[in-house]
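First the structure, in the form of structure tokens, and then the observations on it.
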């Protein structure tokens, strides 16, 4: 195994996936590529009714508030968030999490559909393994569409590790 690619979005599931991917990459002396993908399509940040948890991400069925570590609404200054900037912020958290690990990592910020971008990068870098976090999907999510983990598992032409 030479290359491991892991999707990272700052969630608890992606934290677990990052740790597992780092362990696998370290065990095989493989290159680790950490990818954060923001999927934003003409979304504005609404005025929060309650305490804000982060910017809004478009998902099947409508916008969903996404907690982004280190995100503060005042950082945006009332402007539309830059998707690539949000991806870079997630990658900084991943970099900090891997600082004590003995692993050679690269960090890639992307914008687009997370499953599409992860699979395209896995192909581009000839990754031997794609690692993604998995969690229990809610009723609406199951009803309206698959999560990124399911989409990758169904469409990948290489090994996939779903970390629960």
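The values are calculated or read from the model by the stated rules, or taken from the named source; none is laboratory data. As the structure is a computational prediction, the values presented were derived from the model and not from experiment. Cβ atoms come from the backbone with ideal geometry, glycine included; neighbour counts cover every protein chain shown.
Listed by first and then second residue, the pairs with beta-carbon distance under 9 Å, at least 6 apart or on different chains, first residue in the stretch 7-22 and on the phi > 0 side of the Ramachandran plot and surrounded by 17 or more Cβ atoms within 10 Å (Cβ to Cβ), second in a helix (DSSP H, G or I) and at pLDDT below 95, are 10/89; 10/90.
Just to be sure before I move on: is residue 126 modelled with pLDDT of 65 or more and either within 20 Å of residue 38 (Cα to Cα) or part of a helix (DSSP H, G or I) (or both) in the structure I sent? Before you say what the answer is, go through the steps one by one.
Values: modelled with pLDDT of 65 or more: yes; either within 20 Å of residue 38 (Cα to Cα) or part of a helix (DSSP H, G or I) (or both): no.
No, not satisfied.
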